[in-house]
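So the structure is just underneath, and the comments pick up after that.
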Amino acid sequence: MYKAVLLFVLVCCLAACDKQLKPASVILVDPVRHYYPVIQGEMMNISYEIENTSDNPLFIQEIQTTCGCLVSRNDLPIVILPHKAGFVNLTFNTIKNTGFVEHFVYCYGNFQDSTCVELAFDTNIVPRADYVRDYEQLWQEQSSKVSSIQELAGEMPGHKGYYTESGTDAQTRRKDAIQEEVDKILP
């Protein structure tokens, strides 16, 4: 009896050790963006869509940004199930920037081609027209005021607030990626 229990435990342990995180293929929707100018001191909420096109779950275990003013709003790890879409949500605080800024976001996980994918965006940050405020004045205004220019002007339906340079839209890129997967399977 003792040997049977020991053998059963040994088989269970060896079977459990076979689990391995397999790579997942993804489609990044608009990974490089050019946002319209914003007024210094505003908070920008940015969301990147990542579509998992594989049969394996995608685990994004780490998100690194090129500036401390850019913070992830996601709890890690981000899990995107097979054939589903998920989002990497970021908040960009423009309070300490002026002029043209460009930032990169590096997501680390079990991606098929590498362990990291790169997301990027840029924008122009303009000071208010009357005079350039210092950091303390901007912080005071930001703390006391909840509304932003988007709330004041009203968000246009279907308006993303950015543009891309790519000549193809996201749906065409999805079709191309699916066709590439089919071409790999069928000769």
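FYI, it's all coordinate maths here, none of it is from the lab. For clarity, every value in this text was computed on a predicted model and none was experimentally measured. Because the Cβ atoms are built from the backbone with ideal geometry, glycine has one as well, and the counts that use them run over all protein chains shown.
Here's the picture: a label point sits 7 Å out from the Cα of residue 43 along the beta-carbon direction, and within segment 67-91 the residues with their amide nitrogen under 14 Å of it are 69-74, 90-91. Stretched out straight at 0.36 nm per residue, the stretch from residue 79 to residue 36 would grow longer than its current Cα-Cα span by 12.4 nm. With neighbour counts taken as other beta-carbon atoms within 10 Å, the residues 176, 134 rank, fewest first, as 134, 176.
In plain terms, the chain from residue 112 to residue 164 could stretch by 16.3 nm, reckoned as 0.36 nm per residue minus the Cα-Cα distance.
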